[in-house]
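The values are calculated or read from the model by the stated rules, or taken from the named source; none is laboratory data. Predicted model, so just to flag it, every value in this text is computed and none were measured. Here the Cβ positions follow ideal geometry from the backbone for every residue, glycine too, while neighbour counts run over all protein chains shown. Remember, those area values only see protein heavy atoms, side chains included, never the ligands or the DNA or RNA. Shrake-Rupley method; radii C 1.70, N 1.55, O 1.52, S 1.80 Å.
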Amino acid sequence: MKSTTPIKRAPELRPLSHDHHHGLLLCWKIKTGMAKNIDLQRIKKYVDWFYEIYLKTHFELEEKYVFTILEAHDALIEQALKEHRTLNELFESTSDLEINLKRIEKELDSHIRFEERVLFAEIQKAATKEQLKKIEEIHSKEAFIENEDADFWS
């Protein structure tokens, strides 16, 4: 049986976990929109907005301040960086829209769950108080603001 105990997250990493929550919602929105046969261009427009406004910055922050807490050749960091590259390519792709959106949904969901369940636990163990404080300082305190023009999933 799977444990339902919540993951104890360092307070300094919680804003990144909140970002991950919004990423998982993006996955749900893609899946829901496709199940409702919403025009794929409409879904892609929202996905592009999310990527440009939130996800690119999130990836950059992780790569510059969070992933560097572990060794560069750590297998978990290599996996996370590889997944970031794959996701960037998927988000920037303009071909095979239906297949691409399905891949974004699956890859992003898997990536977020890996970071939350595995990678962040290791980073949290290894991080110094100074490193955690730096992450807290550089993460935007702004709340997620939904793109109200794209409610195709409701």
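For the chain, the longest principal axis of the Cα atoms and the long axis of helix 40-50 meet at an angle of about 30 degrees. Charged side chains reduced to their Cβ positions (Lys and Arg at +1, Asp and Glu at -1) give the chain a dipole of some 560 debye around its Cα centre. Roughly what angle does helix 75-92 make with the longest principal axis of the chain, taking Cα atoms, 0 to 90 degrees, to the nearest 10? Result, in degrees: 20.
Site pair K141 and A72 shows an inter-label distance of 3.4 nm when each label is modelled 7 Å from Cα along Cα→Cβ.
Multiply the residue separation of R9 and E63 by 0.36 nm, subtract the distance between their alpha-carbon atoms, and state the gained length in nm to one decimal. Intermediate results must be reported in sequence, preceding the final value.
Numbers: separation 54, 0.36 × 54 = 19.44 nm, distance 1.87 nm.
So the extension gain works out to 17.6 nm.
Taking the longest Cα principal axis of the chain as reference, the axis of helix 129-138 is set at about 30 degrees.
Taking all protein chains as present, what is the carbon and sulfur share of the accessible area of the chain, in % to the nearest whole number, probe 1.4 Å? Show your work: numbers first, answer last.
On the way: 4960 of 9470 Å².
Carbon plus sulfur share of accessible area: 52 percent.
When we measure straight from the Cα of K134, which lysines land under 29 angstrom away, once same-chain ones fewer than 8 places off are left out? Output for K134: K8, K56, K64, K82, K125.
What is the sum of charges, Lys and Arg at +1 and Asp and Glu at -1, for the other residues whose Cβ falls under 12 Å from the Cβ of C27? Before the final figure, lay out each step's value.
Working: positive: K29, K31, K102, R103, K106, R113; negative: E105, E107, D109.
In short, +3.
Of the residues T94, I77, Y54, the one whose Cα sits farthest towards the positive end of the charge dipole of the chain is I77 (charges of +1 on Lys and Arg Cβ, -1 on Asp and Glu Cβ, taken about the Cα centre). Inter-part distance, the stretch 49-76 to the stretch 85-141, computed on C-alpha centroids, equals 7 Å.
Assuming charge only on the beta carbon of Lys and Arg (+1) and of Asp and Glu (-1), the dipole of the stretch 29-100 about its Cα centre is about 480 debye to the nearest 20. With the alpha-carbon atoms of the chain aligned to their principal axes, the span from lowest to highest coordinate is 47, 37, 30 Å, starting with the largest. Under a no-solvent Debye model with one identical scatterer per Cα of the stretch 36-124, what's log10 I(q)/I(0) at q = 0.12, 0.13, 0.20 Å⁻¹? Taking Cα atoms of the stretch 36-124 as identical point scatterers yields -0.40, -0.46, -0.94.
Note on the chain: helix-only mean residue ellipticity at 222 nm, from DSSP H runs of 4+ residues weighted -39500 (n - 2.57) and normalised by residue number, equals -19000 deg cm²/dmol.
The alpha carbon convex hull volume per residue for the stretch 82-154 rounds to 144 Å³.
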